[in-house]
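The values are calculated or read from the model by the stated rules, or taken from the named source; none is laboratory data. Bear in mind the structure is a predicted one, so any value in this text is a computation, not a measurement. FYI the Cβ positions are ideal-geometry reconstructions off the backbone, even for glycines, and counts take in every protein chain you see. When the accessible area is computed, the model is the full protein with side chains, heavy atoms only, and any ligands, DNA or RNA have been set aside. Shrake-Rupley method; radii C 1.70, N 1.55, O 1.52, S 1.80 Å.
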Amino acid sequence: MDDMDVWPEVEKAATDKRRELVLQGPAVDTRISSNGGISPAVYSLRLLNYLEVSQCPSLTEIHEDIRQLTNLTSLILCRNKLGSFPDVINNLKALKVLDLSVNNLTVLPEGLSQLKELNTLNISCNSLEVLPDGLSQCTKLATINVSKNRITAFPAALFSERLDLLSSLVASDNLIHELSGDVHRLPALKVLDLSNNKLNEIPCHLSDCHKLKEINFKGNKLSDKRLEKMVNGCQTKSILDYLRGKGRGKQGEDDADGGRDTDKKKRQQQRKRKEKVAEEQDEVEDLNKMVVRVLHVSDAATELTVNVNAEVKDVRPYLVCCLVRGMNLKFGNSLKRFLMAQTKLHDDVCGKRTIATIATHDAQLLKRPLIYDVKPPTQLKIVPLGRKEMTAVELIRQLQLEADEMRKQKKRQNVTGLHKYLQLLQGKSLYPCLVDAEGDVISFPPITNSEKTKIKKTTKELFLEVTSATSLQTCKDIMDALIIKMAELNKFTAEHQEETGSDGDGDGVLEPPASSEASSQLIVQQVRTVDQDGNLKVVYPSKTDLSNDISNLTVIW
């Protein structure tokens, strides 16, 4: 039997010299069941840098010939029934993303620790009892998800200064009985989820993780009942303040045992460093400062709330929104610069929309309330930017044709940006969308916005949304980056006089912004997202958001 005949996707990838291959769903699973595995021809596609084989319960093993795919940067083998992975993974030295979630793994290959470029590891929903000791050798790791396994303890080496990029550690629904105080050695840690484990204590040193924004210890029987109450209320700041207070108390006990002078000296040094940083920040001239003022929900005359349908959980579950006023789009090329900045964010921090998607709307054109919903592809109708009304099926078909044509014209050997994010919806029976009160779809992530709420030079208030299938913190981080970029652009517009008509709009009259702070200050109004029962899911921005260490950014709460 000719494997290339059986696997048309593989044949096409070989013929077109593609760098990306996605195999998923019932049709592929039937072939895997019949052939006893995936086509051996897959392992001959040595140009591949992205390989995904998912949602195939008949897939129980991967052949060791996978070691031939040395150009792989992303390997996605989720929602199968893999019982093991061959110990040749160390050959995949370019690998950056490894997703082995929702399988039947009981052990990980030892060679995993030799993946020096690895930044994302997802091994959730397996039957693992231990993690490799050598994970700290993967010094570029930024995200680790080991939730829903049988892990009883973290390897001591995991809490190492070498992992100075690790920002998200998710280990919920395991059997972990202790969290080492050495966790404070992870300087970039922002998200820590240890909910539903066997913890009795939370180490005081956790409060030394200065970038920590989101912690979850729910479902643990803590000996400190006051702390347990805070944990159940998800009060991240209160928890860290409480732990910091306990740490000071413990430090006092240690002082009494003879460590007083050493600790006092350390505290003095820390205080001096903080004072020096504060002095340096005070020396920044007012002209160079960017000001972002946060308007709380309770202060808003007309509160905006987004209702979230429960069904988005299985499609694209994470959503963060806010309103922004004071963004000057009228003068010169300011609107063009803003749109170009959004595109750059999509290409960079959003990973060409594969990590998250940004959408911007003219808030005055929104018909409230808004619902974040899902619809079948044939029933989701939208007027895409610059196009006529069509269904999601028609739009994706059109975009696919355009992407293929673009590849041919440029003689590209790898996938285009269009190809990458179009594939995110493959195999899904429902598509995510943001719907207004008139039933119109105003956003279809990660594909497009609606012409109905398109921003223009005259737009005075913007509604911003960030959606993702990765994590809530990812949405928040990208929204932070967007707002900071908007502040930078606003400052630039305020400081440079430009003709109103220089980008094809307006009458060409020189009309500079009034001046400095009044015209460059952004006002960000909090927006809540709630579930169908009205329970709060998230409010953005919260006190832990917009806390980037940028010397010339001032956030007024």
Cα extents of segment 34-182 along the principal axes, largest first, in whole Å, come to 49, 27, 20
If amide hydrogens are placed 1.01 Å from N in the peptide plane, which non-local residues have theirs closer than 5 Å to the one on LEU199? LYS221
Roll a 1.4 Å probe over the protein heavy atoms and report the accessible area of ILE442 in Å², nearest 10. 0
Formal net charge of residues neighbouring ALA392 (Cβ-Cβ distance under 10 Å; K, R +1; D, E -1): +2
Under 5 Å from the placed amide H of LYS148, counting only residues 5+ away or on other chains, we find CYS125, SER172, ASP173, ASN174
How would you classify segment 335-383 from its alpha-carbon gyration tensor, with a ≥ b ≥ c the square roots of the eigenvalues: rounded for a/c under 1.5, else prolate if a/b is greater than b/c, otherwise oblate? oblate
³J(HN,Hα), Karplus 6.51/-1.76/1.60, whole Hz, each residue of segment 31-48, x for Gly, Pro: 5, 4, 4, 6, 8, x, x, 6, 4, x, 5, 4, 6, 9, 7, 6, 7, 4
Of the cross-linked pairs LYS336/LYS375; LYS457/LYS485; LYS140/LYS211; LYS367/LYS543, which ones have a Cα-Cα span greater than 25 Å in the structure shown? LYS336/LYS375; LYS367/LYS543
May I ask you to rank MET340, MET479 by accessible area, largest first, using a 1.4 Å probe over the protein chains only? MET340, MET479
Among 95-106, 221-232, the order from most to least packed when residues are scored by Cβ within 10 Å on average: 95-106, 221-232
Counting Lys and Arg as +1 and Asp and Glu as -1, what is the net charge of the other residues whose Cβ lies under 14 Å from the Cβ of ILE62? -4
For segment 333-464, what does the alpha-carbon gyration tensor say about shape, rounded, prolate or oblate, given a ≥ b ≥ c as the root eigenvalues, a/c under 1.5 as rounded, and a/b over b/c as prolate? oblate
FRET efficiency, LEU339 to LEU165 (Cβ-Cβ, R0 30 Å, nearest 0.05): 0.50
FRET efficiency (THR391, GLU11; Cβ distance; R0 22 Å; to 0.05) is 0.15
3J(HN,Hα) from dihedral phi, segment 324-329, Karplus parametrisation 6.51/-1.76/1.60, rounded to Hz, x for glycine, proline: 10, 10, x, 7, 8, 10
LYS476, LYS543, LYS336, LYS190, reordered so the largest accessible area comes first (probe 1.4 Å): LYS543, LYS336, LYS190, LYS476
From the cross-link list LYS344/LYS388; LYS388/LYS476; LYS344/LYS460, the entries with a Cα-Cα span beyond 30 Å are LYS388/LYS476
Can you work out the Karplus-derived ³J(HN,Hα) for every residue in segment 433-446? Use 6.51 cos²θ - 1.76 cosθ + 1.60 with θ = phi - 60°, whole Hz, and x for glycine or proline. 6, 9, 10, 8, 5, 8, x, 7, 7, 9, 8, 10, x, x
Order the following by accessible area, largest value first: LYS537, LYS367. Probe radius 1.4 Å; ligands, DNA and RNA are ignored. LYS537, LYS367
Beta bridge orientation in segment 33-136: antiparallel %, DSSP, nearest 5: 0
Hey, can you grab everything whose amide H is under 5 Å from the amide H of VAL527? Only 5+ residues off in sequence or another chain; H modelled, so Pro and N-termini drop out. LEU323, TYR540
Charge tally for neighbours of LEU105 with beta carbon under 15 Å away, counting Lys, Arg as +1 and Asp, Glu as -1, is -1
